[in-house]
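Every read-out reported here was derived from the displayed coordinates using simple, explicitly stated rules and does not represent laboratory data. Note that this is a predicted model, so its numbers are computed, not measured. Cβ atoms come from the backbone with ideal geometry, glycine included; neighbour counts cover every protein chain shown.
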Amino acid sequence: MDSINILIVEDEQRLADILKKQLDESGFNAEIAYDGYVGKQLAEKNIYNLIILDINLPLLNGYDLCKEIRKTNSNIPIIMLTAFSTPDNKIAGFDAGADDYVVKPVDFRELLARINVFIKRSNSNILKRKLGIADLEMDMDTKTVTRANKKIDLTAKESLLLETFLKNKGKLLTREFIIEQVWGIEFDPSTNIIDVYVNYLRKKIDKDFEPKLIHTKFGFGFYCNETEI
């Protein structure tokens with residue numbers, strides 16, 4: 001089995017060293033960058049299967065580093081590791097292109113479970129290579145999205161949300177299901193993160209096109225279909 005390479009970008013040296021030791025002992029090949037600038041250099045030079053990224057980094061913060069990585073690599077899983085746990089912080093992380101968000105202090109068992117989910121997803125070759133509805137199409141290899149042959153740029157979370165809708169065409173999806181599939185967390189009734197991202201997605205794939213594809217069934221959830229059901 002090929003080695004799984006993980007980059008840890010974390011300025012707390014003790015935490016970074018502990019994570020590297022635990023990941024190495026779990027069978028991964030982990031490398032550390034103690035600031036954002038070195039993290040950017042390593043991410044550009046080497047091939048990693050996953051990146052663990054702190055937000056409060058010297059030289060180049062985690063949000064900006066995540067955006068830089070996404071300019072050239074839209075597929076690599078990025079887990080943000082941070083002490084900031086407010087909804088605004090989390091949304092900012094997802095907007096920057098992160099796939100997941102783990103709050104310090106870190107429970108390594110939880111982090112390892114999340115890493116394994118992303119690694120399995122990345123290694124899976126059983127999914128259809130293209131998903132679509134009406135004149136909307138998503139290429140699963142490149143994550144390229146087009147509608148009426150026009151390219152649509154999506155963030156990593158918007159892309160995963162659209163993928164979830166396309167894999168469940170015509171099905172009514174509850175908020176609980178969506179947040180578990182897209183964010184990997186339990187549903188919090190007080191959060192509006194799903195509404196925020198559904199609106200983001202609608203503006204990009206529905207606003208200038210017909211028919212509308214993302215629909216709301218108030219009190220139940222959302223669904224993707226060419227007509228209302």
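Taking the mean number of other Cβ atoms within 10 Å as a proxy for protection, how do you rank 156-163, 111-118 from highest to lowest?
156-163, 111-118
Let me check I've understood the local charge: for R175, count other residues with C-beta under 10 angstrom from its C-beta, Lys and Arg +1, Asp and Glu -1. What total comes out?
Neighbourhood net charge equals -4.
Would you mind classifying the chain by shape? Square roots of the alpha carbon gyration tensor eigenvalues, ordered a ≥ b ≥ c; an a/c under 1.5 is rounded, otherwise it is prolate if a/b is larger than b/c and oblate if not.
prolate
HN-Hα J couplings of segment 211-221 from phi, Karplus 6.51/-1.76/1.60, θ = phi - 60°, integer Hz, Gly and Pro as x?
Values per residue, Gly and Pro as x: x, 6, 10, 9, 10, 10, 10, 4, x, 10, x Hz.
How big is the dipole moment of the chain about its Cα centre under a simple scheme where the beta carbon of each Lys and Arg is +1, that of each Asp and Glu is -1, and everything else is neutral? Debye, nearest 20, please.
760
Helix 62-72: angle to the longest alpha-carbon principal axis of the chain, degrees 0 to 90, nearest 10?
Value to nearest ten degrees: 70.
How do D24, D95 line up, fewest other C-beta atoms within 10 Å first?
With the fewest neighbours first, D24, D95 line up as D24, D95.
Could you give me the ³J(HN,Hα) list for segment 46-58, computed from phi with Karplus coefficients 6.51, -1.76, 1.60 and θ = phi - 60°, whole Hz, x at Gly and Pro?
10, 9, 10, 8, 6, 10, 9, 10, 6, 8, 7, 10, x
Along the charge dipole of segment 5-123, Cβ charges K/R +1 and D/E -1, which of L111, I76, P58 sits furthest on the positive end?
Result: I76, furthest along the dipole toward the positive end.
If a/c stays under 1.5 just call it rounded; otherwise compare a/b with b/c (prolate if a/b is bigger, oblate if not). Do that for segment 102-229, with a ≥ b ≥ c from the square roots of the Cα gyration tensor eigenvalues.
Note, shape of segment 102-229 comes out oblate.
Please report Rg over Rh for segment 5-123, where both radii come from the alpha carbon positions and Rh follows the Kirkwood definition.
Result for segment 5-123 is an Rg/Rh of 0.91.
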